[in-house]
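Below is one structure, written out as structure tokens; comments come after it.
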Amino acid sequence: MIDARFHSRIEDIPAQAWDALRPDDNPFVAHAFLAALERTGCIRANWGWQAHHLGLYEDGQLIAAAPLYLKGNSHGEFVFDWSWASAWERAGGDYYPKLLNAAPYSPVPGPRLLAGTGPHAGARRQALASAMSTFAQRMNISSVHANFLRDDELAAFGNEWLARSDVQFHWQNHGHTDFADFLGALNHKKRKNIRQERTQVSSSGLAIEMRCGSGLSVDEWRRIHELYESTFDAKGNHAALTRAFFLTLGETLGDSVQVAMAHDGNDIVAMALFLQSRDTLYGRYWGGEVDVPGLHFELCYYQGIEYAIRHGLQRFEPGAQGEHKLARGFLPVRTHSRHYLVNEDFRAAVRAALVQEDAAVCEYAQHLHLHSPYARR
């Protein structure tokens, strides 16, 4: 018999057992990353997050798991369902709490149904999806949402789950030897623009470097968080990640954390924070207090591309949205989510709307591909 259990803390599940189920080393579903979010106050009920992780057990052994949260709002998800919530509440229902299968605050495609890579992985992923929808039915929760799924997880969700997709911009390493080699693959206009942007930064007097997170001091981490927080606040956004979380990053994830920094003398005046797996670099957070043309692109994109080439990484995913990334070598890639709405009439109405949305997303992606920055060969 397989027993489904829900856990209000990731630390109630042994880290070794959880991480053994990850099909790859994507850092955003690592036990250490999720535990650090909870332990340092980034996951809290008054911000709309309550851990409710799912584990499947057979003879007392964890055989599959999913990072799961009860959500009191739709902040920090990057798959936007505000209109669904509004429609359901206008009809007299309670949309929240809902159930979310995701990596918090991280619009990063990766594993969400952790079932290892063995012959039973597919069936166990299906069991995880079934356990989530069954829980929603039993507890009278409006919906379940699984965001930024891997392609090999999509088959785990039955026809009653609604399919949704979006577009991100990712950089692929085609065996580039260095940044100049990468530039050589672009068309003349894009190559010229990137050189001009990098020249603006190099002539600004700022010193640029990429550092491993495990080598940063406590004071440097405090400064990095200060830049992150002030930049979020200046744009009217909520800086959900606490200083305590930033201070633990280097300790908990070690060499998986990289930070590109701009120095004015001894002061860090801008930064971009990255996480990485064995083959992929992930751009996450930016913060800056100086207005230098091209500095954002330098730290968030060009330093990342150089790092990926230097270390032989295959991909660089700089984050959600942003058509401006296309001109800098990032190409459109489809992302996928699945959604289970308990009420059948509500599900049918949203399914009809998603047909139109999907056609628009497909057309948008095709349009983007027509404007590739790479030279035709």
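All of the numbers you see were taken from the coordinates with simple rules; none came from a lab. Just so you know, these numbers come straight off a predicted model, no measurement behind them. Positions of Cβ are generated from backbone atoms using ideal geometry, with glycine treated the same way; all protein chains shown enter the neighbour counts.
Summary table
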read-out: Residues Lys235, Lys190, Lys98 arranged by fewest to most Cβ contacts within 10 Å; value: Lys235, Lys190, Lys98
read-out: Global size of region 231-377 as Cα Rg and Dmax, reported in angstrom; value: 19.1, 62
read-out: Rg ratio (alpha-carbon, reference 2.2 N^0.38 Å) - region 282-356; value: 1.63
read-out: Paramagnetic label zone (point 7 Å from Cα along Cα-to-C-beta, Gln321; backbone N under 19 Å) in region 200-239; value: 228-239
read-out: Within region 311-346: backbone nitrogen closer than 15 Å to the Ala353 label point (7 Å, Cα to C-beta); value: 339-346
read-out: Structure-based [θ]222 nm, the chain - -39500 (n - 2.57) summed over DSSP H runs of at least 4, per residue, nearest 500; value: -10500 deg cm²/dmol
read-out: Amide N proximity, region 187-221 versus Ala15 label position 7 Å along Cα-to-Cβ, cut-off under 19 Å; value: 213-216
read-out: Cβ-derived FRET efficiency at R0 45 Å, Gln50 paired with Val333, nearest 0.05; value: 0.90
read-out: Distance between modelled label sites at Ser8 and Cys362, nm, 7 Å Cα→Cβ extension; value: 4.6
read-out: Three-way shape call for region 174-313 based on the alpha-carbon gyration tensor, with the a/c threshold at 1.5; value: oblate
read-out: Candidates Ser203, Ser106, Ser165, ranked by Gaussian network fluctuation over the chain, Cα under 10 Å, top entry; value: Ser203
read-out: Rg/Rg_ref, region 4-125, where Rg_ref = 2.2 N^0.38 Å and atoms are Cα; value: 1.11
read-out: Quarter of Cα convex hull surface for the chain, i.e. mean projection, nm²; value: 19.6
read-out: Segment Arg138-Glu89, length gained on full extension (0.36 nm per residue, minus Cα span); value: 15.6 nm
read-out: Normalised contact order of region 174-313, rounded percent, pairs of Cα under 8 Å and 6 or more residues apart; value: 29
read-out: Gap separating the Cα centres of region 207-231 and region 1-37, nearest whole Å; value: 28
read-out: Fewest-first sequence of Ile2, Ile309 by Cβ atoms within 10 Å of each Cβ; value: Ile2, Ile309
read-out: Burial ordering of Met210, Met1, Met139, fewest other beta-carbon atoms within 10 Å first; value: Met1, Met139, Met210
read-out: Per-pair calculated FRET efficiency, R0 = 25 Å: Val167 and Gln196 via Cβ, rounded to 0.05; value: 0.40
read-out: Beta bridges by DSSP in the chain, antiparallel share as percent, to the nearest 5; value: 90
